[in-house]
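In what follows, a single structure is set out as structure tokens and then discussed.
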Amino acid sequence: MTKPKLFDEAIHFRARTGTKTRIDELRGKTRQGDFVRELIEDALDRREQEAEKHRGR
């Protein structure tokens, strides 16, 4: 039986100079892809919560 894929969307982007260095300094032993995925998911959750607050006004 094959392992199910939890993550199946690939996103490629360009970032400001120094972004990779900042990520590498913060991620420790966490794989880069896992760390960046967590950053994006956290940021999306935060934005969705903010949008929900504005809708509720």
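Across the chain, how many lysine pairs, 8 or more apart or on two chains, come within less than 28 Å at their alpha-carbon atoms?
Details: 3/29; 5/20; 5/29; 20/29.
The result is 4.
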If the chain between residue 7 and residue 34 were fully extended at 0.36 nm per residue, the gain over the current Cα-Cα distance would be 8.7 nm
Summing -39500 (n - 2.57) over every DSSP H run of at least 4 residues in the chain and dividing by its residue count gives a helix-only mean residue ellipticity at 222 nm, to the nearest 500 deg cm²/dmol, of -19500 deg cm²/dmol
Sparse-neighbourhood loop hits (GluC sites (Glu not before Pro), the chain; DSSP loop; Cβ within 10 Å at most 14 others) -> 9
Cα pairs beyond 20 Å in the chain, in percent, come to 46 percent
Rounded to one decimal in nm, the spacing of the 7 Å Cα→Cβ label points at residue 54 and residue 22 is 2.2 nm
Going residue by residue through the range 38-47, the Karplus relation 6.51 cos²θ - 1.76 cosθ + 1.60 with θ = phi - 60° gives ³J(HN,Hα) values, rounded to whole Hz and with x marking Gly or Pro, of 5, 4, 5, 5, 4, 5, 5, 4, 4, 5
When 57, 37 are arranged by how many other beta-carbons sit within 10 Å of their Cβ, fewest first, they go 57, 37
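Here, each number is a calculation from the coordinates, and none is a lab measurement. On a predicted model such as this, the values are computed, not experimentally measured, just so you know. Here Cβ is always computed from backbone atoms with ideal geometry, including for glycine, and neighbour counts include all displayed protein chains.
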